[in-house]
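The values are calculated or read from the model by the stated rules, or taken from the named source; none is laboratory data. This is a predicted model, so every value here is computed, not measured. Quick reminder, even Gly has a Cβ in these numbers, built from the backbone with ideal geometry, and neighbours come from all protein chains shown.
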There are 2 protein chains.
Amino acid sequence: LALLAKSLLELARQAKKLGEDDPRRIINSLKAGLSIILVSLFYYVEPLYSSFGVNTTSAVMTAVVIFEFSVGATLGKGVNKMLATLGAGALGLGVHRLATLSGKTGEPVVIDLFVFAIAAMATFARIFPRLKAKCDYGLMIFILTFSLVSVSSYREENIQKMALERLLTITVGCFITILVNICICPVWIGEDLHNLVALNIEKLGIFLQGFGGEYFEMYEEGLPSKDRSFLQGYKSVFNTQSREENMANLARWEPGHGRFRFRHPWEQYLTIGSLTRQCAIKIDVLNNYIDRQIQPSLEIPSQVKEHCTMISLECGKALKELSSSIRMMIRAETTLLHIGNSKIAAENLKSLFISGLWKEADPLERAPATAVA
Amino acid sequence: LALLAKSLLELARQAKKLGEDDPRRIINSLKAGLSIILVSLFYYVEPLYSSFGVNTTSAVMTAVVIFEFSVGATLGKGVNKMLATLGAGALGLGVHRLATLSGKTGEPVVIDLFVFAIAAMATFARIFPRLKAKCDYGLMIFILTFSLVSVSSYREENIQKMALERLLTITVGCFITILVNICICPVWIGEDLHNLVALNIEKLGIFLQGFGGEYFEMYEEGLPSKDRSFLQGYKSVFNTQSREENMANLARWEPGHGRFRFRHPWEQYLTIGSLTRQCAIKIDVLNNYIDRQIQPSLEIPSQVKEHCTMISLECGKALKELSSSIRMMIRAETTLLHIGNSKIAAENLKSLFISGLWKEADPLERAPATAVA
C-alpha cells in the first residue's frame, strides 16, 4: 500500500511538472472535455436529436477524434474529415446504385470488388510523400466512410438519408470542436514554430558568446569554469528537423492571426532551421576542442587570443541579435555590425597566421556567421 | 486536356517508382483491401449478421483504422483498441448506473460531469512521454468509447447489450486484421530497424574507406575525382533519430520471429544509432576539409600520407565489418583487427608529429573507431 501511495505521489509530481512546464496543456485538456460536452448536447436536447437521429453519436466521435493541441492540427483534421466524408459518401452511394443493378446475390460481390480496389488504391496513395504530409488522415477517413457506406447499403433501407445525416452531424461536430479550439485560449502552432526556430539560434549564440573565454581559460589554466551548462544547450538543436517539418505542415492550415498573416512563408522557417543545424554541427566540433583536454604545448600569443575571443563573442552576439530580431519580426541592423566586427577580427587573425606567427585550428569559427549571414 | 494527361502520366511514373523502391508497399495495399473485405463478410452472411447486429459496422471501422504497414504497429494499435474499449465500456456502464440514480432530468448532468472529467484527464494523460509512446492511440479510443457509451446510455434501452456487441465485433475485427497482417507477407518493423542501423554504419564505413585517397588526391592535384557520390551517403544518417525511436517502440509489440527472439533488446539499437550519429558529425567535419579547397601551402611527407590513408581505410573497413556483423548477427573478430591496424597507424602518426616533422589537423580521424569500438 505504501508502494502504491508512493507511485501515485510520483505520478502527481510528474503531472504537476508537465502542467507547470506548459500551462496550456491543462487548459487544453479542459477544452477537450468541453467540446465533447457541447457536442453531446445534441444527443440530449429533444428537437436537435429528432432532426439528426441516431447518427448524433458520430458527432461525438468526431469531436473526440479531431480535437488536437494546436489550432493548425485541429483545423487540418477537421477539413480533412469533412471533405473525405463528403467525397467517400458520394462515391459510396454511386457504387450502391451500380451494385443494385446486379441483383440481390451479385450485389455484395460488386460492392466488395469496389471496396477492395478503392481501399487498396487509397492505402497506396498514403505513401506518396506529398499526400502523406497533407492528407494522410483524410485518406484514412475516406477509406473508412466509403467502406461503411458501401457495406451498410446492402442492408440499410434508406442509405441516402443515413449518409446525409452522418455528413451533417460530422460537419456540426467539426465546427463546434474547431470553434472551441480557436475561441478559448488558442494554441497557434505557427507561433510555436516561430519561437522554436528563434530559440535554437539563441542557443547557438549563447554557446559562442561563452566559448571564447572558456576555451582560453581551459587552455591556460587547465581548469573548466564551474558552470558550463551554457555550453551544452546547443545539443538539443540537432534533433528538431522532423518536428519542425511537422509543425510547418500544420501551420499552413492556420488562418492569419496577430503578426502572422495568411500565407505566411512557413517554408522559410525550415530553411533557417536547417542552416541552424549545420551551424550546430560546426559548434559541436568547437566544443570537442574544449572537451578534449588539450595539452598546452605552446603559449598562445595574446594577440591571437584576443582576436579569437572577439570572433567568438561577436558571432555569438550576432546570432542572439538574429534570434531576437526573428522573435520581434524586425530587421536588426546591429546584427550586421557584429558580423562585421567578427569579420575584421577574422581578417586580423588571418594576417597574423600568414605572417607565420602561430598556427591554430580555428578556421571553423567563422563559418557559422557566414552561414547565417 | 494534354496537361491533365501529362500530370496523370507523371503520377503513374511516381507511383511506379514508389512501388519499385519497396514492393512490400503494393502487397500492403492489397492486404489492407483484403482485411476490410474479410471483415465485411460478417455483414453479408446471415447467421453472423443476426448474432452481432448493426454493430458489425464497427468491425469494418476497426479493420480500416488499425491496419498499418508493419506488424508491430498493427499489433500495438489492435491491443490498444481492444483494451481501451473493454475498460472504457465497463466504466461507461458504471457511470450509467450511477446516473440513473439521479432521475431523468439529473441524468444528463451527471453523465456530462463524468464525461468532462474523464475526457480532460485522459487528454492530459496523453502528454506523459511514456504513455504517449506506448498507448497514445489507446487513450484516444478510451475517451471515444467512454463518451459514446455514456452519452448513448441516455436514450438507448439496452446499453449493456450494445456495449458488449461493440466489444465483440471490435475484437473480431482486430483479430482478422492482425491475422491478415501477420500471415500474408508480414513486414516486421524490428527487422527494418535492424537493417536501418546496419545500413547507417555501412554508409559511414564507405565514406571513410574512400576518404583517405580522395583527400590526398585533392590536396596534391587540386582535382576531385569524378565520382564523389560515395562521400555524400553519410548525410542521411543525421535525421534518423526520431524514426529509430518510433521503430523501436513499435518493434516491442512484435512477437518473436526468425532470428529475433521475444524480448529482443531493442533499446540497444537506439544506443548504436546515437553513436552512429556522433560518428557522422565527426565525419561531416572531415568532409568539410575536402570541400574547402585548401591551398597546398606545404608538401605532405609521404610517410604522413601513408599513415593517414591507412587510418581512414582501416576505420572504414572496421565500420563495414561491424555493419555486416550486425546484419548477420555474428561477432566478427576481424573488426578488432582493422581497429588494431588503424590504431597502430595512428600511433605511428603521433610519433611523427612529436618528432616535429609535420602538423596536420587530423586527430579527429581516430575518434569514430574508438567511439564505435
*Among the residues of the stretch A:99-137, write down those that are surrounded by fewer than 23 Cβ atoms within 10 Å (Cβ to Cβ) and of a type in the set (Gly, Ala, Ser).*
A:Ala99, A:Ser102, A:Gly103, A:Gly106, A:Ala117, A:Ala120, A:Ala125, A:Ala133
*Matching residues, the stretch A:56-83, being more than 20 Å from B:Ile127 (Cβ to Cβ) and within 12 Å of another protein chain (Cβ to nearest Cβ)*: A:Thr56, A:Thr57, A:Ser58, A:Ala59, A:Val60, A:Met61, A:Thr62
*Please give the number of the condition B:Asp112 fails out of (1) within 21 Å of the chain's Cα centre (by Cα); (2) within 12 Å of another protein chain (Cβ to nearest Cβ); (3) under 26 Å from A:Val39 (Cβ atoms).*
(1)
_Number of the exception - A:Tyr49 against (1) more than 9 Å from chain B (Cβ to nearest Cβ); (2) at pLDDT below 85; (3) surrounded by 14 or more Cβ atoms within 10 Å (Cβ to Cβ)_ = (1)
*Please work out which one of (1) touching a Gly at 6+ places or on another chain (Cβ under 6 Å); (2) of a type in the set (Gly, Ala, Ser); (3) away from chain B (no Cβ under 13 Å) is the condition A:Ser102 fails and give its number.*
(1)
*How many of the residues in the stretch B:116-162 are within 20 Å of A:Phe69 (Cβ to Cβ) and either over 31 Å from the mean Cα position of the chain (by Cα) or charged (D, E, K, R) (or both)?*
9
*So which residues in the stretch A:232-266 are at pLDDT 80 or above and among the charged types (D, E, K, R)?*
A:Arg243, A:Glu244, A:Glu245, A:Arg252, A:Glu254
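Residue check: is A:Arg130 assigned to a helix (DSSP H, G or I) and away from chain B (no Cβ under 12 Å)?
Spelling it out, it is not the case that A:Arg130 is assigned to a helix (DSSP H, G or I) and away from chain B (no Cβ under 12 Å).
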*asked:* Contact list please: Cβ distance under 7 Å, first residue in the stretch B:104-129 and without any contact (Cβ under 8 Å) to a residue 40 or more places away in the chain, second residue surrounded by fewer than 18 Cβ atoms within 10 Å (Cβ to Cβ) and small (Gly, Ala, Ser), pairs at least six apart or on different chains.
replied: B:Val110/B:Ser102
*Taking only the stretch B:11-44 into account, find how many residues are more than 9 Å from every other protein chain (Cβ to nearest Cβ) and either over 24 Å from B:Leu179 (Cα atoms) or over 33 Å from the mean Cα position of the chain (by Cα) (or both).*
7
*Identify, from the list B:Ala63, B:Ala73, B:Ala32, the residue that is free of Cβ contacts under 8 Å to residues at least 40 places away in the same chain and aliphatic (A, V, I, L, M).*
B:Ala32
*Kindly provide the set of residues from the stretch A:17-29 that are touching a residue at least 60 places away in the same chain (Cβ under 8 Å) and surrounded by fewer than 17 Cβ atoms within 10 Å (Cβ to Cβ), ordered by number.*
A:Arg24, A:Ile27
*Can you tell me how many residues in the stretch A:142-155 are more than 9 Å from chain B (Cβ to nearest Cβ) and under 30 Å from A:Glu244 (Cβ atoms)?*
1
_Within the stretch B:90-98, does at least one residue satisfy the condition of being at pLDDT below 85, of a type outside the set (S, T, N, Q), in contact with a Leu (Cβ under 9 Å, 6 or more places away or on another chain) and in a helix (DSSP H, G or I)?_
no
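Against the condition crowded, with 21+ Cβ neighbours inside 10 Å, of a type in the set (Gly, Ala, Ser), under 30 Å from A:Glu191 (Cβ atoms) and in contact (Cβ under 8 Å) with a residue 60 or more places away in the chain, how does A:Gly78 come out, does it pass?
It is true that A:Gly78 is crowded, with 21+ Cβ neighbours inside 10 Å, of a type in the set (Gly, Ala, Ser), under 30 Å from A:Glu191 (Cβ atoms) and in contact (Cβ under 8 Å) with a residue 60 or more places away in the chain.
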*All but one of (1) acidic (Asp, Glu); (2) at pLDDT 85 or above; (3) not in a helix (DSSP H, G or I) hold for A:Glu157, so report the exception by its number.*
(2)
_Take the conditions in contact with a Pro (Cβ under 7 Å, 6 or more places away or on another chain) and either more than 20 Å from A:Tyr43 (Cβ to Cβ) or touching a residue at least 60 places away in the same chain (Cβ under 8 Å) (or both) and apply them to B:Tyr49. Does it pass?_
no
